[in-house]
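The values are calculated or read from the model by the stated rules, or taken from the named source; none is laboratory data. In this text, all values refer to a predicted model and were calculated from it rather than measured experimentally. Glycine gets a Cβ as well: all are built from the backbone with ideal geometry, and neighbour counts include every protein chain shown.
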Amino acid sequence: MKKVAVVILNYNGEKFLKQFLPSVISHSPLAEIIVADNASKDQSISLLKTMFPSVRLIELTENHGYAQGYNEALAQVESEYYILLNSDVEVCDNWIEPIITLMDSDDSIAACQPKLLDFNKKDTFEYAGAAGGFIDFLGYPFCRGRIFNNLEIDHGQYNDTREVFWATGACMFVRASTFHEVGGFDGDFFAHMEEIDLCWRIHLAGYKVFYSAESTVYHVGGGTLHKSNPRKTYLNFRNGLALLYKNHPPQHLWLNIFMRLVLDGIAGVKFLADGGWQDCLAVIKAHFNFYANFGSWHKKRKALIRKNGYKYIHPNSIVKAHFLNGIKKFSDLPKSL
């Protein structure tokens with residue numbers, strides 16, 4: 001058993017595997033490289049077998065999505081640390097060692113992410129995690145380096161190592177024992193926000209999530225579902241509600257759920273006004289699916305491990321800060337984290 005396993009979950013990512021897997025292999029000499037294929041319909045498997053025979057291949061029988069796909073794959077991986085890496089990520093020399101050294105130094109650090117920059121604009125933070133993720137009290141995620149769609153240029157302003165609320169699913173280092181202790185990903189999320197849900201549960205179980213600029217990777221983004229895809233809209237809104245209900249502290253739960261419903265309704269109206277009727281419909285479907293499965297979400301809320309408080313949840317609305325007050329940078333938020 002190697003100490004570190006780099007596990008890439010692939011679905012129809014033949015192009016990205018051909019482009020980025022060589023860099024992962026060349027820059028990860030001490031790690032086991034694994035590709036778990038989520039029943040791809042392209043030529044991914046034949047590519048892996050012919051061009052990358054040194055890479056371990058796990059073939060899943062159906063497309064389980066990101067969340068359950070990783071659960072199925074990691075059940076077959078023995079390692080102290082997992083690195084969950086998207087197929088559309090370019091890595092560099094020494095991308096693994098600094099973070100593993102950090103996590104080795106503190107057993108309470110359960111997950112960590114590197115600096116995430118845009119592959120196509122390498123001086124710019126990338127949407128999916130930037131310099132570490134946070135969340136506001138209504139469950140809206142944002143990052144150092146990215147608030148909604150506003151992305152900052154990397155001037156070294158986040159060249160630090162510090163605790164954050166959530167680590168990006170595009171490149172997440174996670175302690176295997178803690179991943180399984182808290183139940184892994186919620187498979188019902190399928191994709192989108194499952195890493196935030198996992199990190200929230202990690203916090204509740206008494207562990208920490210970190211960001212370290214000692215490592216940098218470059219992410220293409222939108223490789224499986226483009227941001228304009230109504231399916232992605234549906235998953236983001238449905239999972240956003242589930243995330244908030246499952247993990248929110250008892251205090252003000254129902255008030256904040258109601259406020260979230262109102263804001264989601266406003267977002268749906270805006271989609272419609274902008275001609276995005278499919279996205280508006282996706283918001284409506286997301287809400288009805290959440291209500292229809294409320295009993296299941298409630299059981300998961302009751303089953304949570306709750307040893308710790310709720311650090312790094314922003315007490316003010318990021319929606320108000322950005323859309324009403326015009327704040328575009330993390331450093332300009334009224335209360336620092």
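Table for the structure above
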| quantity | calculated |
| --- | --- |
| Residue satisfying all of: in segment 24-34; assigned to a helix (DSSP H, G or I) and over 22 Å from the mean Cα position of the chain (by Cα); farthest from Glu72 (Cα to Cα) among these | Ser26 |
| Number of the condition not met by Ile45 [criteria: (1) in contact (Cβ under 8 Å) with a residue 24 or more places away in the chain; (2) surrounded by fewer than 19 Cβ atoms within 10 Å (Cβ to Cβ); (3) not in a loop (DSSP other than H, G, I, E, B)] | (1) |
| Selection count, segment 48-69, where residues are assigned to a strand (DSSP E or B) and of a type in the set (Val, Ile, Thr) | 1 |
| Residue in segment 82-132 that is surrounded by the most Cβ atoms within 10 Å (Cβ to Cβ), counting only those that are touching an Asp or Glu at 6+ places or on another chain (Cβ under 7 Å) and without any contact (Cβ under 8 Å) to a residue 40 or more places away in the chain | Phe125 |
| Residues satisfying the stated conditions in segment 268-300, i.e. surrounded by 15 or more Cβ atoms within 10 Å (Cβ to Cβ), at pLDDT below 95 and either in a loop (DSSP other than H, G, I, E, B) or of a type in the set (Lys, Arg) (or both) | Gly276 |
| Residue in segment 102-118 that is modelled with pLDDT of 95 or more, acidic (Asp, Glu), on the phi < 0 side of the Ramachandran plot and in contact with a Leu (Cβ under 7 Å, 6 or more places away or on another chain) present | no |
| Set Arg260, Arg162, Arg175: member being touching a residue at least 60 places away in the same chain (Cβ under 8 Å) and either out of contact with any Gly (no Cβ under 7 Å at 6 or more places or on another chain) or over 29 Å from His64 (Cα atoms) (or both) | Arg175 |
| Residue within segment 9-16 that is surrounded by fewer than 22 Cβ atoms within 10 Å (Cβ to Cβ) and free of Cβ contacts under 8 Å to residues at least 60 places away in the same chain present | yes |
